[in-house]
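Quick notes on the structure that follows.
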């Protein structure tokens, strides 16, 4: 089970297989941070399971974003004095709007609400990892969906307080086990479906 | 202090790709504000569609710290209008009233003299050496609306630039570590 370099969090010290720094949250009432932490660890586990992140999507977004920012910078720092270069500024603004619109549409279509999209793997077409957490609720739902077949999905709803200690530390092993179980359940479900299709 | 350590730890945990993505988000937020400003410029036809009154030379009409909305328009400049102009070589806009206009009959050339309401003499003392009149290209726009006192923030940030950098730094860090993105 090779751990890819890209998925490992950046660590400055080159220690041989360092003990992972325990994740600690200082303010346990911040829902966004709690969700984010669980998301990050879940993402690592799924990538460890063998899936590879489909970076094409991210790359396209980065390129679109950079070109949009370049258009904006050109409209500000480009040659000519306003209002003589009215048309140039106008086209930069239009270009910016089109590019950001395209970027958002692309993100919406390809990613949906998922924070991890993977390449095809082991016969499947790759998965989408997304999570849901209602406002003011302490329940967190992790969802693994197949990219090709949106009906093929497994989810796991957990109570957040079960995975965080009182002093803010994340119960690392427990959560990782939970996510790994989810991955296994997904594989099983996919196996079932494939078997059903063949019959 | 805790929050800063947390934020630092969080930033270190991100890999390069995530950093770039978050940096891009920050860039997009900044550029969308810039684009809104540019659209205002396009619509009003003025280089600076919003200016802050920097001195008390137009009291009691406009006070220091007021925000003025400008529009250029195509109508010829006439006396009594409050205009904002930029002198050659200086980029601080000045808000004063037009008191004299000399215009050719065919409308090709216009000479303008301005004066601050609260000043003793006309603006010839402010113009560049040897310059006696303003021309069309100096004028950035006419004042068409104002918001009292709201511009004090800009004046403070100009007087204490550290404030500006601190504000941008804090906003930047908040966006980079925003977990809801």
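Only the coordinates and a few stated rules stand behind these numbers; no lab work does. On a predicted model such as this, the values are computed, not experimentally measured, just so you know. Every residue, glycine among them, receives a Cβ derived from its backbone with ideal geometry; neighbour counts consider all protein chains shown.
Annotations
- Shape of segment B:50-154, Cα gyration tensor, a/c cut at 1.5: prolate
- The modelled label-to-label distance for the pair residue A:149/residue B:105, using points 7 Å beyond Cα in the direction of Cβ, is 8.8 nm.
- For chain A, the longest principal axis of the alpha carbon atoms and the long axis of helix A:172-198 meet at an angle near 90°.
- Cα gyration tensor, segment A:55-112 - rounded (a/c under 1.5), prolate or oblate: prolate
- Of B:46, B:57, B:32, the one that fluctuates the most in a GNM where chain B has Cα springs shorter than 10 Å: B:32
- Residue of B:86, B:119, B:15 that the Gaussian network model of chain B assigns the largest fluctuation, springs spanning Cα pairs under 10 Å: B:15
- C-alpha long axis of helix A:55-77 to longest principal axis of chain A, angle in °: 30 degrees
- The protein assembly as shown: radius of gyration and largest Cα-Cα distance (Dmax), Å: 29.3, 98
- Remark: mean inter-chain Cβ contacts per residue of B:35-42 equal 5, using a 10 Å Cβ-Cβ cutoff to other protein chain atoms.
- Between helix A:86-111 and chain A: long-axis angle, C-alpha atoms, 0 to 90°, nearest 10: 10 degrees
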